[in-house]
Amino acid sequence: MSAVLPASSAAAAALDDAQQKSEGVWHAAWRRFKGDRVGYWSMVIVLAFIALIALAAVGLVAGQWQDEVGVPNAPPTLMGPAPPQATGAVEQPKGPNVDLSDIDPLAPRYKEWDERARQFQTAEKPKRETLPFGADRLGRDVLAKAIKGTEISVFVGVAAALAATALGTLIGALGGFFGGKVGDFLEWLYNVFESIPNILLIFAFAAVVGRGVQSVVIILALTGWTGMYRQVRAEFMKHRSREYVRAAEAIGASAGSRMFRHILPNVSHVILVRLGLLVVGFIKAEVILSYLGLGVRVDQVSWGTMLAEAQSELILGHWWQLATATLFMAVFVTAFSLMADAWRDALDPKLRGLE
């Protein structure tokens with residue numbers, strides 16, 4: 001009886017080891033990722049932004065961002081209402097007390113028209129003197145603009161980064177895995193794009209594609225894939241001759257299976273790092289394009305258009321639109337970068353061996 005127990009214990013231990021070894025790459029990465037508290041809570045913040053974007057897209061939040069709900073340049077609520085001279089309320093000079101009926105036959109109607117105008121203004125919804133994050137020069141709520149701008153700026157940054165990542169990863173995987181003439185042609189294509197200054201290439205595509213959110217995504221994806229291609233190509237060249245890839249080839253795995261099922265998970269940490277950099281870079285690029293008039297349309301709002309508008313307001317001491325757009329951008333970019341770094345550490349093959 002005593003000889004049976006050690007044998008069963010050894011079998012159970014062997015079974016546990018086998019289950020741990022058979023754990024999938026992504027399942028093991030998720031288990032490691034949850035252990036990183038900074039990365040995990042950064043992902044929560046990113047998901048909160050995504051939920052905010054979804055609510056703004058269906059109009060449940062910031063749907064009326066174009067409404068002039070406050071007085072022009074209304075300050076944030078914590079600052080209190082601005083003095084009358086700061087809001088542009090200037091006392092109108094009074095004219096001489098003379099009878100103009102002999103000069104202008106419409107003069108008797110002026111008083112009636114002024115009274116109607118006052119009644120119309122009184123019937124309008126009163127403008128708020130303060131707003132939680134202030135108002136812009138037209139009286140639009142800065143907070144609503146920032147939320148609506150988040151929808152466009154984050155969509156542009158993430159969508160363009162994903163498109164550039166997919167394009168760069170595919171081309172880099174083909175060039176690094178196959179080499180030969182395929183690799184030479186793709187390297188020539190890469191050098192063509194790299195030989196042209198990036199800003200000129202963006203302007204050239206912008207002149208052809210035009211303005212709009214979809215156009216900005218296409219422009220950034222077509223001009224931003226080269227860095228991803230270079231890194232993925234180098235990683236695939238390094239991994240294609242390793243033992244686990246040769247073993248997969250020996251058991252009959254196809255080239256596509258070896259590239260995307262075996263090598264790709266082992267280089268995903270590099271891709272995620274580059275993806276995080278692309279998201280940050282493309283959000284900045286959207287700011288530049290919108291500032292130069294090549295980004296989103298004039299009837300749309302993004303962090304870029306808010307920063308462009310804030311320049312003229314900042315001269316007059318109205319800093320709240322600049323501060324709000326910068327705050328939203330900084331929080332999202334920081335959280336996304338920390339989340340990407342945590343996923344990189346969770347997927348890094350070198351760190352897996354330390355468990």
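Every read-out reported here was derived from the displayed coordinates using simple, explicitly stated rules and does not represent laboratory data. Given the structure is predicted, the values throughout are model-derived calculations rather than measurements. All Cβ positions, glycine included, derive from the backbone under ideal geometry; neighbour counts span all protein chains shown.
Ordered by residue, what ³J(HN,Hα) values in Hz, to whole numbers, does segment 259-276 give under the Karplus form 6.51 cos²θ - 1.76 cosθ + 1.60, where θ = phi - 60° and Gly and Pro are x?
Once rounded to whole Hz, the list reads 6, 9, 9, 9, 7, 4, x, 7, 10, 5, 5, 5, 5, 5, 4, 5, 4, x.
So what are the radius of gyration and Dmax for the Cα set of segment 139-215, in Å?
So, for segment 139-215, Rg and Dmax equal 17.7, 62 Å respectively.
At most 16 other Cβ atoms within 10 Å and a DSSP loop assignment: could you name the chymotrypsin sites (Phe, Trp or Tyr not before Pro) in segment 272-355 that fit?
TRP319
Could you tell me the calculated FRET efficiency between LYS34 and ALA247, based on Cβ-Cβ distance and R0 = 22 angstrom, to the nearest 0.05? Kindly include the intermediate steps, with their values, before the conclusion.
Working: r = 31 Å, r/R0 = 1.40.
E(calc), rounded to 0.05, equals 0.10.
Please identify the trypsin sites (Lys or Arg not before Pro) of segment 213-266 that satisfy two criteria: DSSP loop assignment and at most 15 other Cβ atoms within 10 Å. Which are they? Write down the numbers at each step before the final one.
Values: sites: ARG230, ARG233, LYS238, ARG240, ARG242, ARG246, ARG258, ARG261; in loops: ARG240, ARG242.
Hits after loop and neighbour filter: ARG242.
To the nearest 20 debye, what charge dipole does segment 158-286 have about its Cα centre, counting +1 at the Cβ of each Lys and Arg and -1 at the Cβ of each Asp and Glu?
It comes to approximately 220 debye.
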